[in-house]
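Read the structure below first, then the notes.
The values are calculated or read from the model by the stated rules, or taken from the named source; none is laboratory data. On a predicted model such as this, the values are computed, not experimentally measured, just so you know. Cβ placement follows ideal geometry from the backbone for every residue including glycine, while neighbour counts extend to all protein chains displayed. Side chains included, ligands, DNA and RNA excluded: accessible areas come from the protein's heavy atoms. Shrake-Rupley method; radii C 1.70, N 1.55, O 1.52, S 1.80 Å.
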Amino acid sequence: MELTPDMRNEPTLSLRVPVPRARPGDPVDFSHIKPPPAGAAPRPDIREEPGAMRDLAFTLVRVLNEEHEAVGPWDPKLDPAVLRRGLEIMTLTRAYDDRMMRMQRQGKTSFYMKCTGEEAVATAAALAVDAGDMCFPTYRQQAFLIARGYPLVQMMNQIYSNADDPCKGRQLPVMYTSKKDGWFTISGNLGTQFPQAVGWAMASAYKGDHRIAVGYIGEGSTAEGDFHAALTFASVYRAPVILNVVNNQWAISSFQGFAAGESATFAARGIGYGVAALRVDGNDFLAVYAATKWAAERARANLGPTLIEMFTYRAAAHSTSDDPSRYRPAEEPQHWPLGDPIERLKQHLIASGEWSDAKQKTLEKEAVEAVRAAAKESEAVGTLGQSRPSAKTMFEDVYKEPDWRLRRQRQEVGV
Amino acid sequence: MPAMNMIQALNSAMDVMLTKDPDVLVFGEDVGYFGGVFRVTEGLQKKHGLTRCFDAPIAEGGIVAAAIGMGAYGLRPVIEIQFADYIYPGYDQLVSEAARLRYRSAGDFTAPITLRTPYGGGIFGGQTHSQSPEAIFTHVAGLKTVIPSNPYDAKGLLISAIEDDDPVIFFEPKRLYNGPFDGWHEKPVEPWSKYDLSDVPDGHYSVPLGKAAIARAGDELTVLAYGTMVHVAIAAAAHAEVDAEVIDLRSLVPLDIETITESVNRTGRCVVVHEATRTSGFGAELVALVQEHCFYRLEAPIERVTGWDTPYPHAFEWEYFPGPKRVAAAMRRAMGRN
Ligand SMILES: Cc1ncc(C[n+]2csc(CCOP(=O)(O)OP(=O)(O)O)c2C)c(N)n1
């Protein structure tokens with residue numbers, strides 16, 4: 001007689017739903033994060049087969065040790081001037097974020113998003129690639145744009161949707177665009193731009209160019225089909241692209257377990273596609289720089305894509321519409337075991353005799369001052385609602401040439 | 001009866017259905033512990049348990065597909081897409097799969113899923129938090145499309161949608177969540193509690209799909225509206241000094257053609273309004289239907305007031321939004337009272 005499942009005396013199935021280690025009111029628990037010592041991860045030759053470097057998808061590439069020294073094979077041995085430049089950009093980015101957040105609170109704009117705690121991810125990468133390389137960012141890589149020298153005033157004009165806004169008042173704040181600075185226009189729809197970065201890189205390869213693409217996606221958004229399309233296309237066409245997953249642990253209120261981060265690392269997703277994969281301490285400026293440089297060299301040598309998981313922490317709220325104390329312990333950010341990227345680079349520079357606390361204080365003051373000066377200039381043009389491009393521009397750029405419908409609709413508005 | 005805003009009414013509908021039917025479950029991005037970015041699912045996980053209201057990976061295609069699979073098993077999933085603007089990765093699963101499961105399997109498999117999603121503008125959300133994509137769903141055979149305009153209907157229609165055996169796309173006008181909005185955007189927001197339609201029974205009741213409501217009775221002209229635009233149309237009638245009958249369609253598919261026909265045949269004039277872009281919008285369907293059913297009773301061309309054929313621009317929200325002035329002007333044109 002055949003046994004039916006009920007007769008087999010087996011436990012019934014049960015649906016599993018992930019639960020983070022700590023919610024508001026619980027003690028912070030990062031005990032599962034065991035960072036390997038700095039300098040421990042090997043640095044393969046760029047010609048190494050992806051299959052021979054699988055371990056790098058499960059560890060963390062780290063350069064800065066507890067004594068703030070740069071150690072191990074990934075030490076990029078950077079000129080102190082580059083390190084100081086990195087510190088400057090990160091400090092400026094943080095000051096910019098703080099001010100724009102306050103401006104939103106004061107009603108001068110509708111929305112803002114900070115990248116606090118993640119500044120190294122974008123800053124070090126921007127300094128490690130070439131000026132002509134194209135960045136396909138998410139909304140949390142403002143430091144990359146700042147590193148490219150894009151004027152803060154222009155960024156603020158976008159935030160305020162004012163008459164000088166390069167996006168002509170059409171886009172939500174922080175969705176900057178600047179082709180000339182190698183910065184692809186941000187969409188707001190998650191994941192969509194990751195495979196577009198691959199397409200751009202394929203075009204560069206097709207044209208026999210030297211430029212590469214750098215794409216970004218949040219760990220939460222790796223659940224989107226577009227993430228997998230990006231990896232498939234990158235693998236199939238060996239596209240010269242760096243695909244960064246910024247694992248900042250949280251996607252609004254959802255911890256990385258909802259993107260299957262408990263079962264495997266995000267870097268490990270590359271392995272199944274035969275794509276070289278690195279997992280990097282994203283709060284270690286030197287590690288981010290070194291990993292990006294390595295991936296860029298591989299891409300430029302026609303050796304194909306690299307997937308990099310930037311392991312970091314979203315220290316601030318998701319956006320001005322969010323209150324993280326509703327879903328994670330309020331003191332969680334202070335306990336992040338990989339520290340703060342600005343503090344760590346600062347300590348490294350001090351330890352190598354290139355910097356001091358006093359110099360950092362001055363740098364911070366100068367950053368706040370630079371942001372204030374830019375804000376003054378931008379606010380002289382106007383904040384949201386006070387100033388904006390001519391209303392007729394809302395009918396432009398839908399197509400290259402407006403058709404009769406748009407012309408008639410524009411007339412109806414009387415502009 | 002307690003006064004509820006739209007968020008509370010929708011929450012109550014899911015609460016009632018989770019309590020009543022063990023096969024109902026609710027999931028979507030950030031809907032579990034957090035209770036959703038608009039707090040519509042607040043408290044449901046705590047009350048009904050982790051496996052009945054939970055978070056989903058950020059994969060709208062996956063969310064819809066998983067719901068279809070659950071429906072095939074026999075569950076009644078209620079899924080949330082965080083903003084209608086983010087529904088497109090799930091579009092293939094809705095159009096090619098959910099909509100046709102019943103037809104292609106000759107009723108062997110069905111997709112009794114309810115997809116809830118906030119839509120519409122008026123919150124300075126820019127092009128990715130303001131869209132009204134209802135027409136790309138009404139165009140698809142096999143999907144139902146529902147849009148409430150007040151707390152009472154929101155709860156009753158959501159319960160009907162969950163109990164319905166076909167896939168229902170349930171658009172929630174986000175600008176109405178906390179209070180009615182008539183398009184005079186400089187006026188302060190009034191809470192729902194000041195309005196009769198915030199009297200929402202605690203328990204189970206339903207508002208049938210496919211039955212329109214007369215939101216304002218009138219004799220001179222008929223306005224066909226849904227969602228936020230119902231309130232705008234009522235304000236416009238006052239502004240235009242036209243005794244308009246405002247029909248709140250409540251569900252676009254199925255559509256209450258009898259109520260529409262009766263009203264337009266009586267008034268002889270019709271204005272169709274929606275916030276979505278104009279070209280191929282649901283208004284085009286309504287205009288065609290009125291023409292088919294009421295042509296010989298029409299005394300003026302049918303007017304159509306809609307969003308422009310552009311994306312929703314952040315800084316030009318109120319130029320884009322078809323507010324009471326534009327609707328009133330159309331009413332006066334239809335009355336021949338320029
Ligand atoms: C297709 C799509 N779905 C949902 C959203 C709403 N949304 C905006 S940000 C966000 C969380 C993204 O998390 P993650 O990818 O981890 O990036 P992070 O914000 O942490 O940098 C969600 C769900 C969206 N913008 N696009």
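Using the Karplus curve 6.51 cos²θ - 1.76 cosθ + 1.60 with θ = phi - 60°, work out ³J(HN,Hα) for each residue of the stretch B:155-165 in order, rounded to whole Hz, and write x for Gly and Pro.
Each residue's phi maps through the Karplus curve to give 5, x, 6, 5, 4, 4, 4, 5, 7, 6, 8 Hz.
Taking springs between alpha-carbon atoms closer than 10 angstrom, which of A:P166, A:P402, A:P36 fluctuates most in the Gaussian network model of chain A?
A:P402
Kindly flag which residue pairs out of B:K20/B:K46; A:K180/A:K400; B:K144/B:K174; B:K46/B:K211; A:K34/B:K46 have an alpha-carbon separation exceeding 24 Å in this structure.
Table pairs above 24 Å Cα-Cα are B:K46/B:K211; A:K34/B:K46.
Can you tell which of A:S204, A:S378, A:S325 shows the greatest fluctuation in a Gaussian network model of chain A with Cα springs below 10 Å?
A:S325
Remind me, what semi-axes does the stretch B:1-77 give for its equivalent ellipsoid, largest first in whole Å, using sqrt of 5 times each Cα gyration tensor eigenvalue?
Semi-axes (√(5λ), whole Å): 21, 15, 11.
Kindly write out, for the stretch A:204-213 in residue order, the coupling ³J(HN,Hα) from the Karplus curve 6.51 cos²θ - 1.76 cosθ + 1.60 (θ = phi - 60°), rounded to whole Hz, with x marking Gly and Pro.
Once rounded to whole Hz, the list reads 5, 5, 4, 7, x, 7, 10, 7, 10, 10.
If I take every Cα pair under 8 Å that is 6 or more residues apart in the stretch A:234-349, average their sequence separation and divide by the length, what percent do I get for the relative contact order?
36 percent
In whole Å, what is the distance between the alpha-carbon centres of the stretch A:198-257 and the stretch B:176-246?
46 Å
Please quote Rg/Rh for the stretch A:129-248 to two decimal places, taking the Kirkwood radius as Rh and restricting both calculations to Cα atoms.
Dividing the radius of gyration by the Kirkwood radius yields 0.98.
Starting from the stretch B:64-119, pick out the chymotrypsin sites (Phe, Trp or Tyr not before Pro) whose DSSP state is loop and whose Cβ has at most 15 other Cβ atoms within 10 Å.
Answer in residue order: B:F109.
5 Å is the cut-off here: which amide hydrogens, built 1.01 Å from N in the peptide plane, fall below it relative to A:Y313, excluding neighbours closer than 5 in sequence?
When sequence neighbours closer than 5 places are left aside, there are no close amide H contacts.
Out of the stretch A:183-247, which chymotrypsin sites (Phe, Trp or Tyr not before Pro) are coil in DSSP terms and have no more than 16 other C-beta atoms within 10 Å?
In loop regions of the stretch A:183-247 (DSSP not H, G, I, E or B), there are no sparsely surrounded chymotrypsin sites (Phe, Trp or Tyr not before Pro).
Principal axes first, then extents: for the Cα atoms of the stretch A:50-92, list largest minus smallest coordinate on each axis, whole Å, largest first.
38, 22, 17
About the Cα centre, and with charges only on the beta carbon of Lys, Arg (+1) and Asp, Glu (-1), how big is the dipole of the stretch A:193-291? Nearest 20 debye, please.
The dipole magnitude comes to about 340 debye.
Could you tell me how far the Cα centroid of the stretch A:96-156 sits from the Cα centroid of the stretch B:93-157, in Å?
The stretch B:93-157 and the stretch A:96-156 have Cα centres spaced 36 Å from each other.
In chain A, how does Rg compare with the Kirkwood Rh, expressed as the Rg/Rh ratio over alpha carbon atoms?
Rounded to two decimals, Rg over Rh is 1.01.
With a Cα-only, solvent-free Debye model of chain B, what are the log10 I(q)/I(0) values at q = 0.09, 0.10, 0.16 Å⁻¹?
-0.45, -0.55, -1.38
Can you give the log10 of the normalised intensity I(q)/I(0) at q = 0.15, 0.28 Å⁻¹, computed with Debye over equal Cα scatterers of the stretch A:360-408?
-0.62, -0.97
GNM, chain B, Cα, under 10 Å: largest mean-square fluctuation among B:I58, B:I169, B:I81?
Fluctuation is largest for B:I58.
Please identify the chymotrypsin sites (Phe, Trp or Tyr not before Pro) of the stretch A:349-415 that satisfy two criteria: DSSP loop assignment and at most 16 other Cβ atoms within 10 Å. Which are they?
Sites meeting the loop and neighbour criteria: A:Y399.
Quick one: longest stretch of chain A between exposed loop GluC sites (Glu not before Pro), exposed meaning at most 16 other C-beta atoms within 10 Å and loop per DSSP?
A:70-261
Based on DSSP, what percent of beta bridges with both residues in the stretch B:213-335 are antiparallel, to the nearest 5?
Restricted to the stretch B:213-335, the bridges split so that about 20 percent are antiparallel.
Nearest 100 Å² is fine: what is the total accessible surface buried where chains B and A meet, probe 1.4 Å?
Summing both chains' loss of accessible area gives about 3400 Å².
Size of the dipole of the stretch B:6-198 about the Cα centre, Lys and Arg at +1 and Asp and Glu at -1 on the beta carbon, nothing else charged, in debye to 20?
Using only the charged Cβ atoms, the result is roughly 200 debye.
Towards the positive end of the charge dipole of chain A, with charges on Cβ (+1 Lys, Arg; -1 Asp, Glu), say which of A:S253, A:P76, A:T109 has the farthest Cα.
Going by the Cα projections, it comes out as A:T109.
For the stretch A:1-95, compute Rg over Rh where Rg is the Cα radius of gyration and Rh is the Kirkwood radius from the inverse mean 1/r over Cα pairs.
Rounded to two decimals, Rg over Rh is 1.25.
Per residue, how much accessible area does the stretch B:213-335 show when a 1.4 Å probe rolls over the protein heavy atoms, in square angstrom?
Roughly 34 Å² per residue, with all protein chains present.
Treat the stretch B:213-335 as a sphere of radius equal to its Kirkwood radius over Cα pairs and apply Stokes-Einstein at 4 °C in a medium of 1.567 mPa s; give the translational diffusion coefficient in µm²/s, rounded to a whole number.
In µm²/s, the coefficient rounds to 92.
Using each residue's phi in the stretch A:85-96, evaluate 6.51 cos²θ - 1.76 cosθ + 1.60 at θ = phi - 60° and report the 3J(HN,Hα) Karplus result to the nearest Hz, with x for Gly and Pro.
4, x, 4, 4, 5, 5, 5, 5, 4, 5, 5, 4
Under the √(5λ) rule applied to the eigenvalues of the Cα gyration tensor, what semi-axes describe the equivalent ellipsoid of the protein assembly as shown? Give them in Å, descending.
Over the Cα atoms of the protein assembly as shown, the ellipsoid semi-axes are 48, 32, 23 Å.
Below 8 Å, C-alpha to C-alpha, sequence gap of six or more: please give me the relative contact order for the stretch B:6-198 in percent.
Worked out over the stretch B:6-198, it gives 21 percent.
Please report, in whole Å, how far the alpha carbons of the stretch B:6-198 spread along each principal axis, starting with the longest.
Projected onto the principal axes, the Cα atoms of the stretch B:6-198 cover 52, 36, 30 Å.
Check the straight Cα-Cα distances from A:K361 and name the aspartates and glutamates below 13 Å, setting aside those fewer than 8 residues away within the same chain.
Leaving aside aspartates and glutamates fewer than 8 places away in the same chain, those within reach of A:K361 are A:E88, A:E343, A:E369.
Work from the charge dipole of the protein assembly as shown (Cβ charges, +1 for Lys and Arg, -1 for Asp and Glu, about the Cα centre) and give the residue of B:S160, A:T320, B:H293 farthest towards its positive end.
A:T320
Take every DSSP beta bridge whose two residues both sit in the protein assembly as shown, then give the antiparallel share in percent to the nearest 5.
Rounded to the nearest five, the antiparallel share is 15 percent.
Between the stretch A:283-302 and the stretch B:271-321, what's the alpha-carbon centroid distance in Å?
If you average the Cα positions of each part, the centres end up 53 Å apart.
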